[in-house]
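The values are calculated or read from the model by the stated rules, or taken from the named source; none is laboratory data. Because the structure is a prediction, the values reported are computed rather than measured. Note that each Cβ is placed from the backbone with ideal geometry, even for glycine, and that neighbours are counted across all protein chains shown. The protein model used for the area step is the full one, side chains on, heavy atoms only, and it has no ligands, DNA or RNA in it. Shrake-Rupley method; radii C 1.70, N 1.55, O 1.52, S 1.80 Å.
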Amino acid sequence: MNRPRLAIVGLTACSGCQLSLVNCEAELPLLLEQVQFELFPMACSPVQMAEQYDVALVEGCCTTAHEVELLRELRNRSRLLVALGTCALWGGVATLRSDTPRQQLLSQVYGPHPPLDDGLPRPLSAYVTVDTALPGCPPEKKELLALLSDLVRGNLPPAGVSPVCTDCRMRENLCLLQERNQLCLGPLTLGGCDARCPSLGVPCEGCRGPAPEVNLTEALAVYQQKGFDQQTVTARLQRFCPEWRHD
């Protein structure tokens, strides 16, 4: 069996998504038997970009013209392109102030002589077609391994639909929103993390982006009953998904 040829590249991000894969120490020897890490600067010495990859996993959002050029080059050379992590999928913290004119932000930071700007930060889908995505800040190790397993078999992973609240119920956790009146975004956030934060008594911050199948109107009504207005909830969600809006 021919092993899939992988490119794993980071754009503007913290590199935590790639590090999650590197941290799969026990599984890496088996992975090396199943896939070829053709381009993985974090873990391997840089090499010249190959003519063709089976899959490119890209972490981070685009903030410079060079990154856009690199992303498009990877897209042209890859059969499949995966948005790896929340920043690649939604933009993440690098795009928090995208609603403010860029020159205004540069002037506030650098003064009257700001550096040249390449444009507003954007998620990968603003520039290329993304075949599938793995949310998370960073993604769970088991999700990364499941993704690679699916790719080895020639499949794309199924998209998640349930919120973090489902994971909480499975772990029989105390509801931080209902029972402790804390601003927990579990009802609106895509699950799959095993409710890692709420299980430790920490409210969900929405780092995995919005869940697609939630009763948003009812959820916002519950937040309001607990003393959190729509603006507060929206602002919290937009820290990881700046394009999140409620009409």
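Using a 1.4 Å probe and ignoring any ligands, DNA or RNA, find the accessible area of LYS141 and quote it in Å² to the nearest 10.
Here the residue's solvent-accessible area equals roughly 90 Å².
Taking DSSP loops as anything outside H, G, I, E and B, show the longest stretch in the chain free of GluC sites (Glu not before Pro) there with at most 12 other beta carbons within 10 Å.
Longest gap between qualifying sites, sites excluded: 52-171.
Rounded to the nearest 500, what is the 222 nm mean residue ellipticity of the chain from helices alone, with -39500 (n - 2.57) per DSSP H run of 4+ residues and division by all residues? Walk me through the numbers before you get to the answer.
Details: 9 runs with 78 residues, N = 247.
That comes out to -9000 deg cm²/dmol.
The list (1) 13.0; (2) 12.2; (3) 15.2 gives values of mean projected area of the Cα convex hull in nm², and only one came from this structure; which label was calculated from it?
(3)
What is the spin-label model distance, in nm, from GLU69 to MET42 if the labels are put 7 Å beyond Cα along the C-beta direction?
Output for this residue pair reads 2.5 nm.
Starting from the amide H of THR12, placed 1.01 Å from N in the peptide plane, find each other amide H under 5 Å away whose residue is 5 or more places distant or on another chain.
When sequence neighbours closer than 5 places are left aside, the close amide H contacts are CYS61, THR63.
Return the FRET efficiency for the residue pair SER149, SER125: r is the Cβ-Cβ distance, R0 is 22 Å, and the value is rounded to the nearest 0.05. Walk me through the numbers on the way to the answer.
Details: r = 24 Å, r/R0 = 1.10.
FRET efficiency, SER149 to SER125: 0.35.
Calculate the spin-label point distance for GLU25 paired with LEU216, positioning each point 7 Å from the Cα along the beta-carbon direction, and give it in nanometres.
4.3
Take every DSSP beta bridge with both residues inside the chain and express the antiparallel ones as a percent of the total, to the nearest 5.
Expressed as a percentage, antiparallel bridges in the chain total about 20.
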